[in-house]
1. Scan the range 42-59 residue by residue and report those that are more than 24 Å from Thr10 (Cα to Cα) and either of a type in the set (Phe, Trp, Tyr) or in a loop (DSSP other than H, G, I, E, B) (or both).
2. Within the range 41-72, which residues are exposed (fewer than 10 other Cβ atoms within 10 Å of the Cβ), of a type in the set (A, V, I, L, M) and either closer than 28 Å to Cys6 by Cβ or in contact with a strand residue (DSSP E or B) (Cβ under 6 Å, 6 or more places away or on another chain) (or both)?
3. Just to be sure before I move on: is Lys14 in a strand (DSSP E or B) and of a type outside the set (Ser, Thr, Tyr) in the structure I sent?
4. Just wondering, is there one or more residues in the range 20-40 that are surrounded by 11 or more Cβ atoms within 10 Å (Cβ to Cβ), touching a Gly at 6+ places or on another chain (Cβ under 8 Å) and of a type in the set (D, E, K, R)?
Amino acid sequence: MFCTFCQGRTVLKKVTVQHWLKGKLYIVENVDAEMCKECGERYFHAKTLDAIDAKLLGKHSVRKELQVEVVAF
């Protein structure tokens, strides 16, 4: 696959993503992504994003909880 921004080649990597679902923020680790070797842009297959939603909507274990501040700029 080629990056739409810089036309660099992508490679499959495991990444951590921030994912909003039903007004709640999740940090999801070990997600498959195509990552550009040149600029770092990440691409996710629709199947992967659907699988994340399904996992979060179902029963899932929580490794850690974080407190996050929201600040206006």
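Values quoted throughout were computed directly from the atomic coordinates according to the rules given, and no laboratory measurement underlies them. As the structure is a computational prediction, the values presented were derived from the model and not from experiment. Heads up, the Cβs are rebuilt from the backbone with ideal geometry, glycines too, and the neighbour counts pull from every protein chain shown.
1. The answer is Gly58, Lys59.
2. Ala46
3. Against the criterion (in a strand (DSSP E or B) and of a type outside the set (Ser, Thr, Tyr)), Lys14 qualifies.
4. Yes: one or more hits.
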